[in-house]
1. Using the structure shown, decide if ARG117 is open to solvent by 30 Å² or more (accessible area, probe 1.4 Å), within 18 Å of HIS171 (Cβ to Cβ) and either at pLDDT 95 or above or within 20 Å of the chain's Cα centre (by Cα) (or both).
2. State the number of residues belonging to the stretch 188-216 that are without any contact (Cβ under 8 Å) to a residue 60 or more places away in the chain and either open to solvent by 10 Å² or more (accessible area, probe 1.4 Å) or among the polar types (S, T, N, Q) (or both).
3. Looking at the stretch 135-142, can you tell me whether even one residue there is of a type in the set (A, V, I, L, M), over 25 Å from ARG240 (Cα atoms), more than 13 Å from the chain's Cα centre (by Cα) and open to solvent by 10 Å² or more (accessible area, probe 1.4 Å)?
4. Restricting attention to the stretch 78-90, and to residues there that are closer than 12 Å to GLY57 by Cβ and not hydroxyl-bearing (Ser, Thr, Tyr), which single residue is most open to solvent (accessible area, probe 1.4 Å)?
5. Of all strands (runs of 3 or more DSSP E) completely enclosed by the stretch 107-194, which ones contain at least 1 residues that are touching a Gly at 6+ places or on another chain (Cβ under 8 Å)?
6. From the list ILE35, ILE41, which one is under 25 Å from GLY134 (Cα atoms), in contact with a helix residue (DSSP H, G or I) (Cβ under 8 Å, 6 or more places away or on another chain) and either of a type in the set (D, E, K, R) or modelled with pLDDT of 95 or more (or both)?
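The values are calculated or read from the model by the stated rules, or taken from the named source; none is laboratory data. From a predicted model like this one, the values you see are computed outputs, not experimental measurements. Cβ atoms come from the backbone with ideal geometry, glycine included; neighbour counts cover every protein chain shown. With ligands, DNA and RNA removed, areas are computed over all heavy atoms of the protein, side chains included. Shrake-Rupley method; radii C 1.70, N 1.55, O 1.52, S 1.80 Å.
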Amino acid sequence: MQTSSVIAVLSLVLLVGCSETIVEADISPPFSGTIFIDPDIITDTDPSAYSSMTYTGRASRTMFDRRDGGGWITLDPYLFDTSFDDGLSIEIQVNPEFSTVGEAQNQAVFYADAVGRLPTSLRTDVETMWIHEGVFPFGGGNNNILIHVGQGEAYIRDSILEETLVHEAAHTSLDPLYAISTEWIQAQNTDPTFVSTYAQDFPMREDIAESFVPFLAVEYRSDRITASLKNQILEAIPNRIAFFRSLGLDMYPIN
């Protein structure tokens, strides 16, 4: 695990300010955070559903920016209507601090391609993507994925960009439906432990996102992970894995 990723605070759901009680499990979680468990769960050579992008000009948008303590800002970003070959679309909003349309579009295309490697089920509720400069954690929620490209460079160096995007997109598309559902709470209560100390410390906010990356690893990328890692996951959260499996999620373009 690279120092840059360890130092960076793990991504948070935007605007969730409620405090959560730390939950003690019967046994210790096997990981600190699951974006780090294996860099090859999704890679930059995997297929992407990204298909096309159109620059539509600049117009007023309200965006979240983690810099200067974090907060909402209203500005006129570069706007890109972005399509995926499964019928989904995202408006990518790029901060005008990127000095030219070309520079902004390069960022938009790069992250559209990366997000296109995520399952359809994780992109369903992603309506916008905010892209800023700066070394600050990514974020998910508010029908959005937040990108700070300096932090993105650190994730790329550590080969965990796609795993991080899975985590954030799970916040956006899965948390609103399932984070406080009876079935999910039952899975939490009957599993031996949490998959990570991050999930354990923030069970309402982080458990789904932290658990989905391992689910993806054991169910769809078992040929890319070690038997030991697979066993650690299945021993820690078998009921959460079964919960995700029961949803019949659309996993395109992952196969």
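1. Judged against the criteria, ARG117 is not a match.
2. Total satisfying the criteria: 4.
3. yes
4. Restricting to residues being closer than 12 Å to GLY57 by Cβ and not hydroxyl-bearing (Ser, Thr, Tyr), the top hit is ASP81.
5. Those strands (runs of 3 or more DSSP E) span 144-148.
6. ILE35
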